[in-house]
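The structure appears right after this line, and notes come after that.
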Amino acid sequence: NEVLYDLSHRLGRDLDAEPVDAGQLTVECLRYMYRMLFVLFIEARPELGYAPIKAQAYLTGYSLESLRDIADHVRDDIDAVGDGYYLHETLAKLYDLIYSGYPETEEEILKYSGSDSLHDMFVVAPLKAHIFDPEYTKMLTAAKLRNSVMLRIIDRMSLTRTTDRRNGRRGRISYANLGINQMGKHFC
C-alpha cells in the first residue's frame, strides 16, 4: 500500500490510467522482506564474516541493527518523523552496499588498505544474488517508504508479539539461531 501511495502522491502516477501489476508488486515486497531477514541474520552472526558489524562506521551508519535501535527511540515521536524517509533511505543504501560491495572496486580496496589513516574502515564483499538485485525490485527501488511505515515493518520483524497482557512488553527477536536451512532458496 505504501508503494502505491508513493507512486500516486510523490511521483504523481495516475494508478487508474496506469495500474500496477499486483502480482509483481507482491513478489517485490516479499523479496524486500527476505532482504531484511537475510540482513538481520548476517548481522546477528558476525562469525560468518560477512557483515562488518564490529566496525563502528558500519554499525551506526548502515546496519539494520542500528535501525532497530532508532525505531526503539522514535516510536513515541512518530508524528515528528513519520513523513520523512530516513529509515527507507538507510536500508536502500545498505542493500546497495551488499549488492555492489564496498569499496566497489578492488583498486579502492587496495588503496584504502594501504592507507595509514584507516579509522574504522570496513569492507563488504559484493553479493550479486537476485534477492539484492535492484532489477528485481524496480517499483520498490523507485519508491520512497515513509518512516511511519518503515517503523511498523521494522517493529514487526524485530519484536515479538505481546505475551504479557499486564504490561504489554515485547521482546526483541534474535536472528542468531536461524538456520541456513530455514533461510533456504530465498537468497539465490
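Numerical summary
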{"item": "Portion, in percent, of the accessible area of region 36-106 that falls on carbon or sulfur, probe 1.4 Å", "result": "51 percent"}
{"item": "Accessible area per residue, Å², region 28-76 with all protein chains present, probe 1.4 Å", "result": "45 Å²"}
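The values are calculated or read from the model by the stated rules, or taken from the named source; none is laboratory data. These numbers were taken from a predicted model, which means no experiment stands behind them. Protein only, heavy atoms only, side chains kept; ligands, DNA and RNA dropped before computing areas. Shrake-Rupley method; radii C 1.70, N 1.55, O 1.52, S 1.80 Å.
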